Every structure is written in C-alpha cells, then in structure tokens.
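Reading through the structure tokens given below for one structure.
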Amino acid sequence: METVFIRQIGIHPWDQLYPSHDENYITVTLLNQDYAGMWKTWCEFSSRITEKWPKIVQWHTHLSPCYSKSEEYILQKNFYKKSHPADILRKNEFTNIYSQIINLDCNPLQINPDCMACYRTSVTLMQNNESNLEHLWHNLSTLTNISKTDDFKLILSDEKSISFRFYDAETHGVAQLICHSKHLPSLNETIHKINLEEIQQNGVYEYIHR
C-alpha cells in the first residue's frame, strides 16, 4: 500500500486527544498500513530536505531518577560505550532525571528504524548546521516525557528545527512531522516531488482498512 499524508494547521500529536490549532505550527503525518512502508517513505522524504536540515539528532528522557549509584553507573557506562564525542548525557539538577541527545547518521537510510518508535520518551529533530546541542539539551532537560502540545512548543522554540516522532502500531505505521508553519513551503515542495496522496483525518480509518 502506498503511503498517504495528512496536512494540518497546528500541533496534532498522533497519540494525543487534544490538539492545538495554533497557526504558527504545522503537522504533516505520513501514514502507511505498516511501519516498514512508512519508514521507506520517511527516508525518501527526509533525504530530500537534508540540504536545508543536514543534522539529525534524537533527544530521549529516562523518565525517572536513578534509584541507586549502581543504576546511575550502568546508565552512564552503557551510554558512553555507544556514544560519539558530540553526544550528551546529563542529569537535570532539579528533577535528577537523565536525558540525552545523540547524533544520528546524516543519511536517513543508515538509521535503524527499530530505535525510533519510542514516541513517549523521545523526539527526532532535523536541524541546520548552526544548531547548538548544548542549548537544546538545557532547553529540553525540564521535560520528563512528551505528553502535551506545549511540549512541542518548547522542543521547537528555536523555530529552526523540524521534529519527527514515529509510531509502530499493529494496523499502521506513522511518521509525524511537527514544525513552525514558516517551513511549510519547503515541505510542500518535497511532498509534491515524491507524489504522495493527501487524505483528511476523518479518512484514516478507511485508509487503514482498504
């Protein structure tokens, strides 16, 4: 089944019941009947916008404080075993919750899709080369999870990044892009080039059960 897309004004997280209709933001949802099909489309889509947003990073929160020094040590050890020099793992001094930023491969085709669908605890950002990861970590370190539309306003506060979250469900796969609406012309151009069919939110059930 071919991937379709939904284009909406505002912030419309796939997993949340109460969207925001703030016209300063745009949500583009890539929907397929399976995760693998969606991922293939996302790779094609994101590959076409890497010239403008060449950096791909993932922010992740560990949800709750470590309950012992041993747990904290293991967390740090596992992170640094796999991390790159520019990656960040730190603890918020007020919540004592660790969060991290890792640099993903700038080629979307080289990213492991199995590591991307932790939508409650992580968000993927495509950024320009001027983006500062230290600033990003400090900005997001107050988040304990991603559960409200206002969380996206914080995530996108620099107005330069594009956020993605991924959903792997039994009946469908979703990649959801949320960013400032000023980026919509560039995104529309990319959507046109890869020739995606547009549907409305009320057509999701019909599409999934075609």
Among the residues of segment 156-210, write down those that are under 17 Å from Lys55 (Cα atoms), among the aliphatic types (A, V, I, L, M) and under 14 Å from the mean Cα position of the chain (by Cα).
Leu156, Ile162, Leu177, Ile178
Quick check on my filter: what residues within segment 56-78 are β-branched (Val, Ile, Thr) and modelled with pLDDT under 95?
Thr61, Ile74
Any chance Leu30 is more than 16 Å from the chain's Cα centre (by Cα) and modelled with pLDDT of 90 or more:
no
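Please verify whether Ser83 is without any contact (Cβ under 8 Å) to a residue 40 or more places away in the chain and surrounded by 13 or more Cβ atoms within 10 Å (Cβ to Cβ), treating the condition exactly as stated. Walk me through how you get there before you give the answer.
Working: without any contact (Cβ under 8 Å) to a residue 40 or more places away in the chain: yes; surrounded by 13 or more Cβ atoms within 10 Å (Cβ to Cβ): yes.
Yes, satisfied.
Would you point out the residue of segment 88-123, among those that are of a type in the set (Phe, Trp, Tyr) and in a loop (DSSP other than H, G, I, E, B), that is modelled with the highest pLDDT?
Ranking the qualifying residues of segment 88-123, first place goes to Phe94.
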Evaluate the following for Thr190: is it over 14 Å from Thr29 (Cα atoms) and not basic (Lys, Arg)?
no
Glu23: passes all of (1) touching a residue at least 12 places away in the same chain (Cβ under 8 Å); (2) out of contact with any helix residue (DSSP H, G or I) (no Cβ under 7 Å at 6 or more places or on another chain); (3) part of a loop (DSSP other than H, G, I, E, B) but (2)
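The values are calculated or read from the model by the stated rules, or taken from the named source; none is laboratory data. In this text the structure is predicted, and so the values were computed from the model without any measurement. In this analysis, Cβ positions are derived from the backbone assuming ideal geometry, glycine residues included, and neighbour counts consider all displayed protein chains.
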